[in-house]
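K.L.:
Could you have a look at this structure, given as structure tokens, before my questions?
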Amino acid sequence: MNWQLAVDSFWPLLRGGLTGTIPLTLASFSLGLALALVLALMRIGGSRLLSGIARVYISIIRGTPLLVQLFVIFYGLPSIGLTIDPWPSAVIAFSMNVGGYAAEVIRAAILSVPKGQWEAGYTIGMSRNQTLRRLILPQAARVSVPPLSNTFISLVKDTSLASLILVTEMFRVAQEIAAFSQEFMLIYVEAAMIYWVFCLVLSTVQDRLERRLDRYVAH
């Protein structure tokens, strides 16, 4: 095994993760979470039309591969005259995917809040929107932390697909180094280990966050 190559390639791979993978994950998850909240509120709102639109969107996102969604955005849209650069294309595709999955998580979390909380808000003179914003969503957020954290961790790994549309992130860097050195096993295993460390750190943060939030839950 070429240990010198492993040492020399470590920093370029890590830099690709810190400057490519992590920013792409954060941008995509933030936008996807905002989209998910909108979709979840559409699902539980009183409008059948909005609920139906949200249902169809979620069904399409959950029923099609992420790779296909990515290719539709980057390679498909130019055929109708809409060309988007690689990085924004990846953010759009990943955000739409996160939105479709996280919407059901948020919806379930909102519905898990006891109805008495709604009644309590109305009793003290809050409107529906105020009750939702001040009472329901904070409680739903605590419930949704574990599944949303898992979605975030999965997204870190899924961003490797962005290399297929020429986005410079960690796996793209690994492909370039491997192609130049012809040490495919070594470089890809090294990249896999860095992904694993990223996910391990995020899992640790998730566990600590869950324990902190659990302090405010009555047992």
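The values are calculated or read from the model by the stated rules, or taken from the named source; none is laboratory data. Bear in mind that the values here come from a model prediction, so they are computed numbers and not experimental data. All Cβ positions, even for glycine, are placed from backbone atoms using ideal geometry, and neighbour counts span all protein chains on display.
K.L.:
Residue 140: at pLDDT 85 or above and not basic (Lys, Arg), yes or no?
P.N.:
yes
K.L.:
Of the residues that sit in the range 30-74 and are in a loop (DSSP other than H, G, I, E, B) and modelled with pLDDT under 95, which one is surrounded by the fewest Cβ atoms within 10 Å (Cβ to Cβ)?
P.N.:
My answer is 46.
K.L.:
Going by what's in this entry, would residue 163 be described as at pLDDT below 95, buried (at least 19 other Cβ atoms within 10 Å of the Cβ), among the small types (Gly, Ala, Ser) and closer than 21 Å to residue 14 by Cβ?
P.N.:
When the stated conditions are applied, residue 163 passes them.
K.L.:
Among the listed residues 58, 73, 44, identify the single one that is over 26 Å from residue 138 (Cα atoms) and among the hydrophobic types (A, V, I, L, M, F, W, C).
P.N.:
Exactly one residue qualifies, and that residue is 73.
K.L.:
Going by the structure shown, is residue 23 within 17 Å of the chain's Cα centre (by Cα) and assigned to a helix (DSSP H, G or I)?
P.N.:
yes
Yes/no per residue for (1) part of a helix (DSSP H, G or I); (2) farther than 30 Å from residue 131 by Cβ; (3) over 20 Å from the mean Cα position of the chain (by Cα):
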position	(1), (2), (3)
77	yes, yes, yes
87	yes, yes, no
90	yes, yes, no
93	yes, yes, no
97	yes, yes, no
100	yes, no, no
108	yes, no, no
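K.L.:
Then there's this: For residue 91, all conditions in the list (1) at pLDDT 95 or above; (2) among the β-branched types (Val, Ile, Thr); (3) surrounded by fewer than 17 Cβ atoms within 10 Å (Cβ to Cβ) hold save one; what is the number of the exception?
P.N.:
Result: residue 91 fails condition (3) only.
K.L.:
Could you please find all residues in the range 143-182 being closer than 16 Å to residue 16 by Cβ, in contact (Cβ under 8 Å) with a residue 24 or more places away in the chain and among the small types (Gly, Ala, Ser)?
P.N.:
Of everything in the range 143-182, those that are closer than 16 Å to residue 16 by Cβ, in contact (Cβ under 8 Å) with a residue 24 or more places away in the chain and among the small types (Gly, Ala, Ser) turn out to be 160, 162, 174, 181.
K.L.:
If you don't mind, another one. Mind counting the residues in the range 41-66 that are charged (D, E, K, R) and closer than 21 Å to residue 118 by Cα? Show your work before the answer.
P.N.:
Let us first name the residues in the range 41-66 that are charged (D, E, K, R), namely 43, 48, 55, 62.
From the residues that got through so far, the ones that are closer than 21 Å to residue 118 by Cα too are 43.
Of the residues in that region, 1 qualify.
Conditions tested, residue by residue: (1) buried (at least 17 other Cβ atoms within 10 Å of the Cβ); (2) hydroxyl-bearing (Ser, Thr, Tyr); (3) under 14 Å from residue 11 (Cα atoms); (4) at pLDDT 95 or above.
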| position | (1), (2), (3), (4) |
| --- | --- |
| 167 | yes, no, no, no |
| 177 | yes, no, yes, no |
| 181 | no, yes, no, no |
| 184 | no, no, no, no |
| 196 | no, no, no, yes |
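K.L.:
Here's another thing I want to ask about it. Got at least one residue in the range 41-49 being in contact (Cβ under 8 Å) with a residue 24 or more places away in the chain, within 22 Å of residue 145 (Cβ to Cβ), out of contact with any strand residue (DSSP E or B) (no Cβ under 7 Å at 6 or more places or on another chain) and not aliphatic (A, V, I, L, M)?
P.N.:
Taking every residue of the range 41-49 in turn, at least one turns out to be in contact (Cβ under 8 Å) with a residue 24 or more places away in the chain, within 22 Å of residue 145 (Cβ to Cβ), out of contact with any strand residue (DSSP E or B) (no Cβ under 7 Å at 6 or more places or on another chain) and not aliphatic (A, V, I, L, M).
K.L.:
Another one. Take the residues of the range 75-88 that are in contact (Cβ under 8 Å) with a residue 12 or more places away in the chain and closer than 20 Å to residue 26 by Cα: which is surrounded by the fewest Cβ atoms within 10 Å (Cβ to Cβ)?
P.N.:
The qualifying residue surrounded by the fewest Cβ atoms within 10 Å (Cβ to Cβ) is 86.
K.L.:
Among the residues that make up the range 9-19, is at least one of them of a type in the set (S, T, N, Q), surrounded by 17 or more Cβ atoms within 10 Å (Cβ to Cβ), within 25 Å of residue 200 (Cα to Cα) and modelled with pLDDT under 95?
P.N.:
yes
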